[in-house]
1. Please go through the range 169-228 and give me each residue that is polar (S, T, N, Q) and within 16 Å of the ligand (Cβ to nearest atom), ordered by number.
2. Does the range 107-120 hold any residues that are touching a residue at least 40 places away in the same chain (Cβ under 8 Å) and either closer than 20 Å to P45 by Cα or not in a loop (DSSP other than H, G, I, E, B) (or both), and which are they?
3. Output yes when any residue across the range 121-144 is in contact with a Pro (Cβ under 7 Å, 6 or more places away or on another chain), in a loop (DSSP other than H, G, I, E, B), surrounded by 23 or more Cβ atoms within 10 Å (Cβ to Cβ) and of a type outside the set (D, E), and no when none is.
4. Does I117 qualify as being over 25 Å from P9 (Cα atoms) and at pLDDT 95 or above?
5. Looking for whichever is modelled with pLDDT under 95 and buried (at least 16 other Cβ atoms within 10 Å of the Cβ) here; the options are F187, F206. Which one fits?
6. Got a number for residues in the range 120-129 being under 14 Å from L101 (Cβ atoms) and away from the ligand (no atom under 12 Å from the Cβ)?
7. Go through the range 243-282 and report how many residues are in contact with a Leu (Cβ under 9 Å, 6 or more places away or on another chain) and crowded, with 19+ Cβ neighbours inside 10 Å.
Amino acid sequence: MTPTSQQRPIGVFDSGIGGLSVLRALQAELPHERFVYLADSGHAPYGERGDAYVAARTHAITRYLQAVHGIKALVVACNTATAAAIHDVRTQCPDLPLVGLEPAIKPAVALSRTGRIGVIGTRGTLTSGKFALLLGSLQSQAEFVVQPCDGLAYAIERSTEHAVPDAAESSEVRELCTRYITAMGAFGTTAGHIDTLVLGCTHYVFAEEELRALIGPAVRLVDTGEPVARQTRRLLQATDLLADPGDEIPAACNRMQLITTGSLLPLQAAAQRWLQLPARCCSTATVPADGAGAMAHEANRALAQ
Ligand code: DGL
């Protein structure tokens, strides 16, 4: 039976496993929805690759998710891809409900007491025109310490390559966190200290333990998972695309389909570790820059099965 518009899945994508932090919030907020998550791990990291590359990947993945999975809406669970391409995707797909991510510095202003706010993210996000505009609109209300963290998303990505974190990989994440947090100055709740740290990259949520150990227990960590999940609900409601809450909640892999353009094992390990999903919910796909190629490839795969 052809699914109704409301029963079609929501597409979610990131350069890799970082967007699983957003998917976790989405599934909690929208328990009756189906999701197709695309981790572009075969092309990660995005953060240091430049806008043209990230925009081309974003377009290819959007076309793939529409053509092969018939998504009803798209959540770009990646700050870097949002900064590089969301404007163009909106123009090219005017009928696709679209939610993007940006570092949550506005909520951070409301939370901060010292008025000194730290922002960490990829170089791509933090040097983008989009972020400059956002920062400019709030600069009179707080002081921002902005720190690009080259290599951190990729180190987090690699640290999931084994079900039990490998000591060397975990220590690389710890070392990078230490280097960047130390460079930002003093954290704490007294005057002159950074009392709020914005995680401007979805991967960093998975380094929360390492970051917390460095900034101390009283500093607030702000990420975008929950606000984005609420925004997605509002958008689906406004476009009459919300799944019927009377429908049964679909079973695990029916509800959550996770696909990677890289190796399967890291995605399976991450899905198990952070979403308690069985390995069978994960699969691989090739998403070439040309979306038609992706469709042909998937069609061939389907025929071969
Ligand atoms: N997780 C992504 C973000 O939110 C990008 C990480 C990367 O690939 O560099 O920006």
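1. Of the range 169-228, the ones polar (S, T, N, Q) are 170-171, 178, 182, 189-190, 196, 202, 224.
Correct list: T202, T224.
2. Listed by number, the residues that qualify are P107, A108, L111, R116, I117, G118, V119, I120.
3. Yes, the range 121-144 has at least one match.
4. Criteria met by I117.
5. Numbers: F187 fails: modelled with pLDDT under 95.
Of the residues listed, the single one that is modelled with pLDDT under 95 and buried (at least 16 other Cβ atoms within 10 Å of the Cβ) is F206.
6. Residues meeting the conditions: 0.
7. 13
Here's the yes/no breakdown for (1) in contact with a Phe, Trp or Tyr (Cβ under 8 Å, 6 or more places away or on another chain); (2) near the ligand (Cβ under 9 Å from one of its atoms); (3) part of a loop (DSSP other than H, G, I, E, B):
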{"position": "Q6", "(1), (2), (3)": "no, no, no"}
{"position": "V12", "(1), (2), (3)": "yes, no, no"}
{"position": "G18", "(1), (2), (3)": "yes, yes, yes"}
{"position": "A25", "(1), (2), (3)": "no, no, no"}
{"position": "H32", "(1), (2), (3)": "no, no, yes"}
{"position": "L38", "(1), (2), (3)": "yes, no, no"}
{"position": "G42", "(1), (2), (3)": "no, no, no"}
{"position": "P45", "(1), (2), (3)": "yes, yes, yes"}
{"position": "V54", "(1), (2), (3)": "yes, yes, no"}
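The values are calculated or read from the model by the stated rules, or taken from the named source; none is laboratory data. It should be emphasised that the depicted structure is a prediction, and the values quoted were computed from it without experimental measurement. Using ideal geometry, Cβ is built from the backbone for each residue, glycine included, and neighbour counts are taken over all protein chains shown.
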